[in-house]
Amino acid sequence: MAGRFYVTTPIYYPNAEPHIGHAYTTVFADSLSRYHRLVGDDTFFLTGTDEHGLKLQRAAEARGVHPKELVDEMAEKYKRYWALMDIRYDRFIRTTDPDHEEVVRHAITEIYRKGLIYKARYSGWYCVSCEKFYSPGEYVEVEGRPYCPIHMKPLEWVEEDTYYFRLSSFEDWLREVLKGDIVYPRSYAVEVLHKIEKEGLRDVSIARPKERVWWGIPVPWDPEFTIYVWFDALLNYLTGIGYLKNPETFSKYWPAAHHVIGKDILWFHTAIWFSMLKALDLDPPRRVIVHAYLINRGLKIGKSAGNVVSIDDLLEAYNGSDGVRYVLMRIFNPAKDVEYTKELFDNIYNTELADTYGNLVRRVGVLARKKLGGTVESDRLDPELEDAARETIKKYREHMDEYEISRALEAVMDLLRRANAYINRERPWEKPDPTLDLYSLLETIRTATVLLSPVVTKATARVAGSFGFTASSIEDAVPEPGRRYQVRDAPILFKKL
Ligand SMILES: [Zn+2]
């Protein structure tokens, strides 16, 4: 039976072009989405840009343009990069979209009416880059001054009137929710529970005085205040699937939501987001899938750390989107930070894509044409390769269902290595009739191609076209005797570096 799968990325601050860090998250969400389509789930994939707030207001001021002009330009850049990376989203949401602004006004008014929002004075240390207040114990001190632990920049002291969301009233409920399997990997839920244990759940400021932050959505009943950018941004996950506007689509995909996030925004996507949903009488999402950082020279990759690797450079280095997507997913790690190095990326590309997958496709294609004129059919299948393929499909699905994409890809590579060993051992080029060998190898290539297709989107389509099979459903991966291959071409898929 087909399930429903709604997957989101965080919406990104478009204060600079997307880089390898954004690609890491977005390719992962896209690959999950493609996998779920492959297995027949009704799937919706949402990504977009988070366009309000002080950071963008200041970036626009620095350039002497209106923030809307800046975000219009940047949203186009994001779309262009996602096209280059073969990211196939169902909607690209912008928080300046009119339907989203409507959702935010509606949601905050609803929560206010329930008495869960109140006005009070606030003071604290604030990071403009995070758009977040830091309490003692959360910030780090550099020469006696509080610094943002992520950006390593001095925090600003801010004192002002604001509106608070009564987060504290959700504490018991939230603890219960976090005890379930809602956060993956589970260790991150423990982290949030630990923080609640230590500090309690404090009410959170959800508005800024307009005189300081004017670029955002005004508080509907008090336009001297602007709605805090995080409160605004989180609601994109509802707008994206038609909350208010299209209740049928909305009830189809909510709560089948899977939020892919980096570990730095865990608190917002659990404590705050779940409570906002509860305040709106909505279920929490099905899963929050958290990943650790991609780091470069010891720091999380980012504009402020100055260690960005550009998507242009990656596309150039690894011959387009397939190479970049594969390498990023092969190192993807939910639990541990992964260090970017050129040696590591080059090595994965060469040994796995070029030498293992690419080389097998090329060799089998050439042999099928040379020895059998390109037509390969057989009512038998070598049980060694057949069993290995069936076992691989099983493992791959288990890993993908657990969001362990790197391990899923590893299972496919193991199968391909086995097929390469098989061809070296059987030496089909020396046999008068190598039909059984080549047929079995083509079936193995078919299995691997279907399983790789959510990540390696273009080369897999090319192999299917060249060898004459379809790779559009997980059923297409299952090895079977009795098919007929018409090998038209033996493509060289990945040029070695
Ligand atoms: Zn910061």
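Entry note, the stretch 130-192: relative contact order of 13 percent, from Cα contacts under 8 Å with a spacing of 6+ residues. Solvent-accessible area per residue in the stretch 346-486 equals 40 Å², computed with a 1.4 angstrom probe and all protein chains kept.
In terms of distances greater than 25 angstrom between alpha carbons, the cross-link table entries Lys263/Lys496; Lys119/Lys300; Lys132/Lys210 yield Lys263/Lys496; Lys119/Lys300.
Taking a ≥ b ≥ c as the square roots of the Cα gyration tensor eigenvalues, with a/c under 1.5 meaning rounded and otherwise prolate when a/b beats b/c, else oblate, which class fits the stretch 126-207? Oblate. Candidates Pro149, Val104, Leu70 compared by Cα position along the dipole of the chain: farthest toward the positive end lies Leu70, with charges placed on Cβ. Of the three principal axes defined by the Cα atoms of the chain, the extents in descending order read 87, 46, 41 Å.
Across the stretch 481-497, coupling constants 3J(HN,Hα) worked out from phi with the 6.51/-1.76/1.60 Karplus curve, θ = phi - 60°, read x, x, 8, 10, 9, 10, 7, 8, 7, 10, x, 8, 7, 9, 5, 5, 7 Hz, and Gly and Pro carry x.
Highest-first packing order for the peptide set 303-312, 102-111 is 102-111, 303-312, based on the mean count of other beta carbon atoms within 10 Å. Within the stretch 346-486, how many Lys pairs sit with Cα atoms under 25 Å apart, leaving out pairs fewer than 8 places apart on the same chain? Counting lysine pairs in the stretch 346-486 gives 4. Expressed as a whole percent, the accessible area of the chain that falls on carbon and sulfur atoms is 48 (1.4 Å probe). Each DSSP beta bridge with both residues in the chain is either parallel or antiparallel, and the antiparallel ones are about 60%. Which of Val478, Asn236, Ala421 sits farthest toward the positive end of the charge dipole of the chain, with +1 on the Cβ of Lys and Arg and -1 on the Cβ of Asp and Glu? The residue sitting farthest along the positive end of the dipole is Ala421. Only Lys, Arg, Asp and Glu carry charge here, each on its Cβ (+1 for the first two, -1 for the last two); on that basis the chain has a dipole of about 780 debye about its Cα centre.
Local charge for Thr162 was computed over the other residues whose Cβ lies under 12 Å away, with Lys and Arg +1 and Asp and Glu -1, and equals -1. The stretch 232-252 and the stretch 269-321 have Cα centres spaced 21 Å apart. For Gly124, the shell of other residues with beta-carbons less than 15 Å away shows a net charge of -2, using +1 for Lys and Arg and -1 for Asp and Glu. Relative contact order of the stretch 346-486, taken over Cα pairs closer than 8 Å and 6 or more residues apart, is 34 percent.
Computed 3J(HN,Hα) for the stretch 281-294, one whole-Hz value per residue from the Karplus formula 6.51 cos²θ - 1.76 cosθ + 1.60 where θ = phi - 60°, is 6, 10, 5, x, x, 5, 8, 10, 9, 9, 10, 6, 7, 8, glycine and proline marked x.
The values are calculated or read from the model by the stated rules, or taken from the named source; none is laboratory data. Here the structure is a predicted model, which means the values were calculated and not measured. Note that each Cβ is placed from the backbone with ideal geometry, even for glycine, and that neighbours are counted across all protein chains shown. The area values use the complete protein model at the heavy-atom level, side chains included, leaving out ligands, DNA and RNA. Shrake-Rupley method; radii C 1.70, N 1.55, O 1.52, S 1.80 Å.
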